[in-house]
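Trainee: The structure that follows is given in the form of C-alpha cells.
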Amino acid sequence: MGDYRKNRNPLIREAFKASQDSFSVHPKLVAKMRTFYNSTDPDTFFEDFIWYLRYPISGVTERSPFVDRTLEFVAKFACCFLGKDEKPKDDPETEDTRNVTS
C-alpha cells in the first residue's frame, strides 16, 4: 500500500489551508510553523510539509491566487530561518575591489 494513508500532521495541513485565503495571516502561520518545527523532528516535519506542498502546485496549468498565496507563505516560512543580521557571505575574490587603483 502507498504512503498516502499515513497520518499527516494536522497543524501543517491547516497552515497550508489558511495560507490560501489571505496574505494577512501569513506572519501568524509562519510563527506557528516555526514553533512547531523547533519542537519536532525536522525530517518528519519536512516530509509532511512537502506532502502538503505538492497538492497546490501539482497539475497547475494556470495562475491561481490560491497557489500564489500558498507559495508566498512557503517563501516566508523558508526565509524565517535566516538570521536578521545574517548577510550573504562575500566571495574572497570579489571582496572590496572599490579601493583598488590602477
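Computed from the coordinates by the stated procedures, all read-outs in this text should not be read as laboratory data. Note that this is a predicted model, so its numbers are computed, not measured. Neighbour counts run over all protein chains shown; Cβ positions are idealised from the backbone, glycine included.
Trainee: Under a point spin-label approximation (7 Å from Cα along Cα-to-Cβ), what is the Leu82-Val25 distance to one decimal in nm?
Mentor: Taking the two extended label points, one gets 2.6 nm.
Trainee: Extending each Cα 7 Å along its Cβ direction at Ala75 and Lys17, get the distance between those two points in nm, one decimal.
Mentor: The two pseudo-label positions are separated by 2.6 nm.
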